[in-house]
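See below for the structure under consideration.
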Amino acid sequence: MPNNKRKNRGNKNKKVTMTPSNEKDTPIQDYEDDDIEEMQEADLKKLIRTLRSSQKQILELQKSLMDKIEHLSRENEILRRNQNETKQLVQQETVIVTEVKNSIDQMTNTIESLTNRMGEAEERISDLEDREQERIQSDQRKEEEIRNLKHIVGNLQDTIKKPNIRVLGVPEGMEREKGLEGLFSEILAENFPGLEKDREILVQEAHRTPNKHDQKKSSPRHVVIKLSTVKHKEKILKCAREKRQITLRGSPIRLTADFSSETVQARREWRDIAQVLRKNNCQPRILYPAKLSFVNEGEMKTFHSKQKLKEFVATCPALQQMLKDVLHTETQKHGHQYERR
């Protein structure tokens, strides 16, 4: 029996050996236990190598899978951490957004409050501007009224003073002997003998102005002579202009018309220009109330204001040369007055 078994095994081995080499290897799982027992040594070695190779592949596959699992675990952990961080960031951003929203709401409320206040302030400013404009207009009207009243008062004063003659340069105390009326008669007798005998020339009043003498001033106070008629005043002043040099006991004095302070100031504005014209024989005169009159190229010219005079001088080279210094000085003077204002 044993021999038969060996023979059978040998036959079986022969059968296995006779398997073509180009045929595919049988998968390990297809081998049965009896087949494995009947294999020859070479086939067993081959099978073992195959098993070892498969085991190695399985181990490598297992290692690769483990690596992938570990990698996925790490990635999962990173994702989990990132998710937690993202969640925290979202929470923080939510808090920040809430705070910003609250701040914006507060700012909006503040802006609305400021806008309301600005509106109220603008209304108040507008009211103040309206009131200021009304005040300015009221002040302008008042100033205009004051100027008109001053002009009216000045005209009234000039009307009252129209018969008056103002005598300048009479020393203080000289009137003690004869009085001011006696001194005026002496002036007429010394300078206008014919007028002194005119019985129609009557002095209604004579006084010095101002009433109280300022001891600090070296010049004597003016003497105001009030005559009975304007005609007599004009007659005396005409004679004074013709004689030019008027004296009292040999000392020079001046006779002028008596005007209000406003008219005197307006006439005084022409003084420097009149002096230059007088030096050049232009026969200047200050007409009532404050007009400059002089002879230019044989023709009498009259000007109510310096601006009109400047416009005329600009067309007359001779006058322009004559008055250039005094007009330039006047321009500078008015410029400084404007700066002070």
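Quick note: the coordinates plus some simple rules give every number you see, no bench work behind them. Quick caveat: nothing in here was measured; it's all calculated off a predicted structure.
So if I take the centroid of the Cα atoms in the range 241-299 and the same for the range 151-227, what is the distance between those two points in Å?
18 Å
With θ set to phi - 60° and the Karplus curve 6.51 cos²θ - 1.76 cosθ + 1.60, what are the ³J(HN,Hα) couplings of the range 208-219 in order, to the nearest whole Hz, using x for Gly and Pro?
Result, ordered by residue: 8, 9, x, 5, 9, 7, 8, 5, 6, 8, 7, 6 Hz.
Quick check on the range 198-337: take the gyration tensor over C-alpha atoms, sort the square-rooted eigenvalues as a ≥ b ≥ c, and tell me if it's rounded (a/c under 1.5), prolate or oblate.
Since a/c reaches 1.5 and a/b is larger than b/c, the shape of the range 198-337 is classed as prolate.
Among rounded, prolate and oblate, which fits the range 285-328 when a ≥ b ≥ c are the square roots of the eigenvalues of its C-alpha gyration tensor, a/c under 1.5 means rounded, and a/b larger than b/c means prolate?
oblate
With θ taken as phi - 60° and the coefficients 6.51, -1.76 and 1.60, list the Karplus ³J(HN,Hα) couplings across the range 85-96 in order, rounded to whole Hz; mark glycine and proline as x.
5, 4, 4, 5, 4, 4, 5, 4, 5, 4, 4, 4
How would you classify the range 162-259 from its alpha-carbon gyration tensor, with a ≥ b ≥ c the square roots of the eigenvalues: rounded for a/c under 1.5, else prolate if a/b is greater than b/c, otherwise oblate?
Prolate shape, in that a/c is at least 1.5 and a/b is the bigger ratio.
Can you flag which of K150/K217; K217/K324; K161/K291; K233/K291; K279/K306 are past 22 Å Cα-Cα?
Beyond 22 Å between Cα atoms: K150/K217; K217/K324.
Once you have the alpha carbon radius of gyration of the range 172-218, what is it after dividing by 2.2 N^0.38 Å, with N set to its residue count?
Here the Cα radius of gyration is 1.38 times the empirical estimate.
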